[in-house]
1. Which of the residues that make up segment 7-52 are modelled with pLDDT of 95 or more and acidic (Asp, Glu)?
2. Scan (1) surrounded by 10 or more Cβ atoms within 10 Å (Cβ to Cβ); (2) over 15 Å from the mean Cα position of the chain (by Cα) for the single condition Leu41 breaks and write down its number.
Amino acid sequence: MRAEAERLALLATLARRKFQAVRRAIDLTATAVVMAGIGLLSMYIPLEKIAM
């Protein structure tokens, strides 16, 4: 019975770590997409309009 509890605790810890890793990957991907979008949009905005 104790071995099952330890195994369950281990699996819960591994699941939490996996969830955190996936969440970080999604955050980094979203940040990269936003930065790329800003970069692409900045090519279409003349610098004169930004300075005003």
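The values are calculated or read from the model by the stated rules, or taken from the named source; none is laboratory data. Since this is a predicted model, take the numbers as computed values, not measurements. Positions of Cβ are generated from backbone atoms using ideal geometry, with glycine treated the same way; all protein chains shown enter the neighbour counts.
1. Selection gives Asp27 alone.
2. (1)
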